[in-house]
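S.K.: Here it is, the structure in full.
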Ligand SMILES: NC(=O)c1ccc[n+]([C@@H]2O[C@H](COP(=O)([O-])OP(=O)(O)OC[C@H]3O[C@@H](n4cnc5c(N)ncnc54)[C@H](OP(=O)(O)O)[C@@H]3O)[C@@H](O)[C@H]2O)c1
């Protein structure tokens, strides 16, 4: 039985960043010397319902816009072949430059971006993708996702708010947006379409009312939020899961942002002793164990980092893990969701899923 530490920790962000940048893999080399078995590194690729392949380990690009040209280029040179971005991250130009700078051929890379909620009107969907393609400097993306199921008011403003600061919702339903996205596959501007942050009921509506089963659901999954039933259901429908925030509450964004700062101050996922123990067995860091758990569960994961040794470590995290270790990680599932902007977005997200109790009025805002 794995023991779970859920102590609140409030480390200084500046100290934390300094330590991370100077730490350089001392922990890893310690683990390597003590490993009982050396697990070889794989480059797993999963198959989408379109027949296309998607790498199991990719690269996230949310935040640190100024570092992204270099980070994307370095990740690709190190062997990464899956880049995740989004219109709302404001990094598509940097991602496009990074791909060019890497020298890796465009067709070798799986590039996914996301449509933001102010562009959900069917008449806006293609031009929004055109803007992404222009900035990414590519004639097509491999995957276009709806970022959230909620529609904001149409227009230039990505976060349209009324005088009281309350989000103004649009009138389009996500099913209409989805049907406009289906047409884009026929134009060749995207090879596949998918969703992100949908509930089971919202995905069921797409299945009932359209001709295309989403190729991907990009959602929050990590050892603290495993969503076992939902993952099994998605698999039964042929929808591939890409885990965002695969390291859980590692990103300081969650510790500092209004909707999640209270819940995300619990012990970091990667500080759980059981992950350290498993890491020692394979000569891997806890971060690598968490990413390997994603891959061995049949999913992809898109960790974000702009630090060289971390990028390298994440790309070397695909190794075979024994069932007994997968079972130990299964016990860390405390159903803690860190990404839940429901109150701000005026839309009850994840309504039929686990881990929504944190977003109670007054608690996470
Ligand atoms: N669809 C959505 O709504 C949605 C929501 C959230 C995220 N995403 C996507 O998922 C990606 C990843 O999500 P995320 O950034 O929230 O979570 P994450 O990848 O789980 O965590 C990122 C944090 O972990 C640190 N880190 C990365 N590798 C590390 C390593 N080997 N050792 C120690 N620390 C490490 C990073 O540090 P540094 O930054 O200092 O390098 C950063 O602070 C995003 O970039 C984005 O592409 C999508």
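Readers should treat all values here as calculations from the given coordinates under stated rules, not as data from a laboratory. As the structure is a computational prediction, the values presented were derived from the model and not from experiment. Cβ sites come from the backbone with ideal geometry, for glycine too, and all protein chains shown count toward neighbours.
S.K.: Go through 302, 311 for me and flag whichever is surrounded by fewer than 24 Cβ atoms within 10 Å (Cβ to Cβ), closer than 23 Å to residue 74 by Cα and within 18 Å of the chain's Cα centre (by Cα).
M.R.: Details: 302 fails: surrounded by fewer than 24 Cβ atoms within 10 Å (Cβ to Cβ).
Exactly one of 302, 311 is surrounded by fewer than 24 Cβ atoms within 10 Å (Cβ to Cβ), closer than 23 Å to residue 74 by Cα and within 18 Å of the chain's Cα centre (by Cα), namely 311.
S.K.: List every residue pair whose Cβ atoms sit under 9 Å apart, with the two residues 6 or more apart in sequence or on different chains, where the first one lies in region 59-81 and is at positive phi and the second, anywhere, is near the ligand (Cβ under 9 Å from one of its atoms) and part of a helix (DSSP H, G or I).
M.R.: If the second residue must be near the ligand (Cβ under 9 Å from one of its atoms) and part of a helix (DSSP H, G or I), the pairs left are 63/89; 63/253; 64/71.
S.K.: Which ones in region 243-267 are near the ligand (Cβ under 10 Å from one of its atoms) and over 19 Å from the mean Cα position of the chain (by Cα)?
M.R.: Of everything in region 243-267, nothing turns out to be near the ligand (Cβ under 10 Å from one of its atoms) and over 19 Å from the mean Cα position of the chain (by Cα).
S.K.: Could I ask something else about it? Which numbered condition in (1) within 16 Å of the ligand (Cβ to nearest atom); (2) out of contact with any helix residue (DSSP H, G or I) (no Cβ under 6 Å at 6 or more places or on another chain) is the only one that residue 232 fails?
M.R.: (1)
S.K.: Which residue pairs have Cβ atoms closer than 6 Å, lie 6 or more positions apart in sequence or on different chains, and pair a first residue in region 284-309 that is more than 17 Å from residue 70 (Cα to Cα) and in contact (Cβ under 8 Å) with a residue 40 or more places away in the chain with a second residue that is assigned to a helix (DSSP H, G or I) and within 11 Å of the ligand (Cβ to nearest atom)?
M.R.: 285/27; 285/28; 287/270; 301/291; 301/294
S.K.: Hey, which of the strands (runs of 3 or more DSSP E) in region 33-104, taking only ones fully inside, have at least 1 residues that are more than 13 Å from the ligand (Cβ to nearest atom) and surrounded by fewer than 23 Cβ atoms within 10 Å (Cβ to Cβ)? Don't jump to the end; show me each part of the working.
M.R.: Working: elements: 45-47, 53-55, 82-84.
Result: 45-47, 53-55.
S.K.: Further question: Looking only at region 268-285, which residues are under 18 Å from the mean Cα position of the chain (by Cα) and either near the ligand (Cβ under 8 Å from one of its atoms) or farther than 28 Å from residue 342 by Cβ (or both)?
M.R.: Step one: filter region 268-285 for residues under 18 Å from the mean Cα position of the chain (by Cα), giving 268-270.
The one that is under 18 Å from the mean Cα position of the chain (by Cα) and either near the ligand (Cβ under 8 Å from one of its atoms) or farther than 28 Å from residue 342 by Cβ (or both): 270.
S.K.: Determine whether residue 117 is within 14 Å of the ligand (Cβ to nearest atom), surrounded by 20 or more Cβ atoms within 10 Å (Cβ to Cβ) and over 20 Å from residue 158 (Cα atoms).
M.R.: Working: within 14 Å of the ligand (Cβ to nearest atom): yes; surrounded by 20 or more Cβ atoms within 10 Å (Cβ to Cβ): yes; over 20 Å from residue 158 (Cα atoms): no.
No, not satisfied.
S.K.: So, one more: Can you tell me which residues in region 110-128 are closer than 24 Å to residue 300 by Cα and touching a helix residue (DSSP H, G or I) at 6+ places or on another chain (Cβ under 6 Å)?
M.R.: Once the filter is applied, which keeps residues that are closer than 24 Å to residue 300 by Cα and touching a helix residue (DSSP H, G or I) at 6+ places or on another chain (Cβ under 6 Å), region 110-128 yields 113, 115, 116.
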